[in-house]
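Everything on this sheet refers to the single structure shown next.
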Amino acid sequence: MRPAHRLLAGVLAAGALALSGGLTGCAQSVDPIERLGRKAAQKVEERRVSQATARRWGLDKPLAPAPKPPPRSLPKGAGPGLPPVLDRVPTKDKVVFLTFDDGAERDPRFVRMVKELRLPVSMFLTDSVAGPGYAHFGELASVGATVQNHTLDHPYLPGLPYEGQRWEICGQQDKLKERFGQRPRLFRPPYGEYNADTLRAAADCGLSAVVLWRASMQINDLRYAQGAKLRPGDIVLAHFRGPDELHGASLTEMTTRMLRRIQEQGFTVARLEDYL
Ligand SMILES: [Zn+2]
């Protein structure tokens, strides 16, 4: 149960107790109920991102709250015993999913942004790139970002035999478990390139889905694999990149632009791991 729900459930239970007190003649019973209700509402309100916070990060308004996700489910596998490969999540909800890859740029402002905007982001980390900065990604994880697998060395996987692919994928499962305490469930092949051995290796390393993307974050805009707009459930690819690679833009500036494009199209951001 989410803290807010727990709190409300507690208030309801307290209300029921006070109400039964009222029935047995306690004239003061209504006030405590109202007081508790207001307090709970205030707590829930505090959990929302304020307009001022959204403005501070360059947005006109906070992201709309994501709808309650359906029970988690995975699409059909790519073959018997193989994980599904997806670039979008089957849903009618007007949500998209943000994924950030590799782990080169380590901008402390991005940690604040994720925390203050309560941004659900999934990080697909490559050991040789992100490894020297796992402490930074640990901070991101502590403010709600999730950690997923993007190989040890970022190779072009179809160029490797099965054993080499397995080493790249299982090896990163072990590293991430060691550093973050949990074995990822999702895998993204570098460059989005894979073959049958990749899928078999991913399954053998305990991964449940191979995650590609349908839209990608550019410096000023989103680029779509098909069409010219977002569709419900689209997975959006971004990279941990800094001003050197972004013509002077910072990771947070680029993320703000991306969030504005998402809001303009009437979408909000949901957590990938809540759906898969
Ligand atoms: Zn990558």
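For the reader, a short list of remarks on this structure follows.
- Qualifying residue in the stretch 256-266 (condition: part of a loop (DSSP other than H, G, I, E, B) and assigned by TED's automatic domain parsing to the domain that holds residue 64): yes
- For the stretch 117-148, a residue qualifies if it is assigned to a helix (DSSP H, G or I), within 16 Å of the ligand (Cβ to nearest atom) and among the hydrophobic types (A, V, I, L, M, F, W, C), and the qualifying residues are 129, 130, 137.
- Residue list for the stretch 155-164, restricted to those being open to solvent by 10 Å² or more (accessible area, probe 1.4 Å) and either within 12 Å of the ligand (Cβ to nearest atom) or over 15 Å from residue 202 (Cα atoms) (or both): 155, 156, 159
- Some residue of the stretch 227-240 being within 16 Å of the ligand (Cβ to nearest atom), in a loop (DSSP other than H, G, I, E, B) and either open to solvent by less than 10 Å² (accessible area, probe 1.4 Å) or under 28 Å from residue 209 (Cα atoms) (or both): yes
- Output for the stretch 76-104, where each listed residue is surrounded by 21 or more Cβ atoms within 10 Å (Cβ to Cβ) and assigned to a loop (DSSP other than H, G, I, E, B): 83, 89, 103
- Meets criteria (away from the ligand (no atom under 16 Å from the Cβ) and touching a Ser or Thr at 6+ places or on another chain (Cβ under 8 Å)) for residue 151: no
This table checks each residue for (1) crowded, with 18+ Cβ neighbours inside 10 Å; (2) in contact (Cβ under 8 Å) with a residue 24 or more places away in the chain; (3) touching a helix residue (DSSP H, G or I) at 6+ places or on another chain (Cβ under 7 Å); (4) assigned to a helix (DSSP H, G or I).
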site: 153; (1), (2), (3), (4): no, yes, yes, no
site: 166; (1), (2), (3), (4): yes, yes, yes, yes
site: 177; (1), (2), (3), (4): no, no, no, yes
site: 184; (1), (2), (3), (4): yes, yes, yes, no
site: 198; (1), (2), (3), (4): yes, yes, yes, yes
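The values are calculated or read from the model by the stated rules, or taken from the named source; none is laboratory data. Just so we're clear, the structure is a prediction, and the values are computed from it rather than from any experiment. FYI the Cβ positions are ideal-geometry reconstructions off the backbone, even for glycines, and counts take in every protein chain you see. Side chains are part of the model used for accessible areas, which takes the heavy atoms of the whole protein and leaves out ligands, DNA and RNA. Shrake-Rupley method; radii C 1.70, N 1.55, O 1.52, S 1.80 Å.
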